[in-house]
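Below you'll find the structure, written out as structure tokens, and then a few comments.
The values are calculated or read from the model by the stated rules, or taken from the named source; none is laboratory data. Computed from a predicted model, the values in this text were never measured in an experiment. A quick note on method: Cβ atoms are made from the backbone with ideal geometry, for glycine too, and the neighbour counts reach across all protein chains shown. Accessible surface areas use protein heavy atoms only, side chains included; no ligands, DNA or RNA. Shrake-Rupley method; radii C 1.70, N 1.55, O 1.52, S 1.80 Å.
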Amino acid sequence: MSESPRTSRRVATDPTIVRHARRRGRSAVTTALKIVSATLAVVLVSGGAVAAYALWDVAASVKPAVTLAGQDGSSPNIDAIEGGVNLLLVGSDSRQGQGDAYGDPDVETAELNDVTMLLHISEDHSSASVISFPRDLFVPIPECPKEDGSGTYNAMTSQKINTTLSYGGLACTVLTVEALTGLDIPFAAEVQFNGVIALSNAVGGVDVCVAEPIADPYTGTYLDAGTHTLEGAAALQFLRTRHGVGDGSDLGRISNQQVFLSSLVRTLQSSETLSDPTKLFGIAKAAASNMQLSSSLQNFNTMVSIAMAMKDIPLEQIAFIQYPNAYGSSGGQQGVLPIKTAATQLFDAIKADQKITLTGTTGVGSVADPNAPAGADPVETTAPPADPGTETTTPPATAEGGESVELPSTIEGQTAGDYTCSKGNN
């Protein structure tokens, strides 16, 4: 999500009256069974009961779905989420429908996916990876269907990945990432600024460590060194800032976002959060009512199933990774180019569902947390050693005999078990 200086059905929920003189048809029975199965699923996830009203309210909050290429719009049942999961999350910088807090929507009319993250959950649900694609990464863009169904956009050999949303919407971004990674991505979601605010409010805030003061007039982000609990607009602006962290680049912003995301995962996996059905319902409702979902995600059962797959993964097996890249140019534009050999190693490991070990740094927007809890694994936040095999960010995985693949030092990132702080620009 880019920043700029400021000039810059409800479905009726009244209880249905039961008319005993009238028999219910098969469709009514099927509907009832779906409600029961969804309720049971939520109980499994939250550890507490959630009212049927909540389920209806969440379903009523869902925005119109986006049908991805090759999908018919149908959704699987709750027990259909077995094995691995690939889900693409896109953060749009569109100002449309967001008010005037981020600039004049009539002036700032661009629609770019300035955040593009791919979540992969392994087949056995023992590990997960979140890969962030730099917005200025030059990639081939395949032929994409136009959102109005009037035809297709031509394929392009090299364009920045953040332009895909403007060419063919969420479906085009998915097609591009599929072509780049060789993975099938059946689930996708798009969120705008106000959606991030709603989601962070639903979580109840995230504790973020700041190593040096952050000062960014572009997003209005001003934070002193120390730990801050961020939610609402403050969380959004922290995730948007790039001028305030690291070297002021989008790459620094990615590592800064990973500081936030790692802390978020620790918050969501804490016993206090997982045992709070009210908070979990709030998160589900915020997601459903503030994100544009692919048709494959519109079934509430599907979202619950994905949450079930994530809830027991060890923190050290949840990796936040920056797609390997190096500064360069294409067609006269400056940006970043893929490091193809490293990328191939990364996605070969992901396709094979192998656990991974990071050997690179956590990135220019973060540093190790000097106050990390005792026993937390040390992280490498400076330049990697000459021999990347001699020092690692996270010890190799050994759980259940899983063999870990050591990624090259050109791949930066951290795990949810690594405690880091944002590196401010002061």
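Points to keep in mind about this one:
- Of all residues making up the stretch 131-185, the number that are on the phi > 0 side of the Ramachandran plot and part of a loop (DSSP other than H, G, I, E, B): 3
- Taking the criterion of being outside any strand (DSSP E or B) and either of a type outside the set (Asp, Glu) or open to solvent by less than 30 Å² (accessible area, probe 1.4 Å) (or both), the residues of the stretch 210-223 that qualify are ALA211, PRO213, PRO217, TYR218, THR219, GLY220.
- Long-range neighbours under 8 Å by Cβ, at least six apart or interchain, first residue in a loop (DSSP other than H, G, I, E, B) within the stretch 224-245, second open to solvent by 50 Å² or more (accessible area, probe 1.4 Å) and hydrophobic (A, V, I, L, M, F, W, C): none
- Complete set of residues in the stretch 129-153 that are buried (at least 18 other Cβ atoms within 10 Å of the Cβ) and either within 18 Å of GLU412 (Cβ to Cβ) or among the polar types (S, T, N, Q) (or both): SER129, VAL130, ILE131, SER132, PHE133, PRO134, ARG135, ASP136, LEU137
- Odd one out for ASP207 among (1) charged (D, E, K, R); (2) in contact with a helix residue (DSSP H, G or I) (Cβ under 6 Å, 6 or more places away or on another chain); (3) surrounded by 17 or more Cβ atoms within 10 Å (Cβ to Cβ); (4) closer than 27 Å to LEU358 by Cβ: (3)
- Scanning the stretch 329-357 for residues that are within 23 Å of GLU178 (Cα to Cα) and open to solvent by less than 30 Å² (accessible area, probe 1.4 Å) turns up SER330, GLY335, VAL336, ALA342, ALA343, LEU346, PHE347, ALA349, ILE350, LYS355, ILE356.
- Flag if ILE254 is within 19 Å of LEU88 (Cβ to Cβ), at pLDDT below 95 and of a type in the set (Val, Ile, Thr): no
- The one condition in (1) modelled with pLDDT of 95 or more; (2) not in a loop (DSSP other than H, G, I, E, B); (3) not hydroxyl-bearing (Ser, Thr, Tyr) that GLU400 fails to fulfil: (1)
- Segments classed as strands (runs of 3 or more DSSP E), wholly inside the stretch 261-344, with at least 3 members that are modelled with pLDDT of 95 or more and closer than 21 Å to VAL196 by Cα: 318-322
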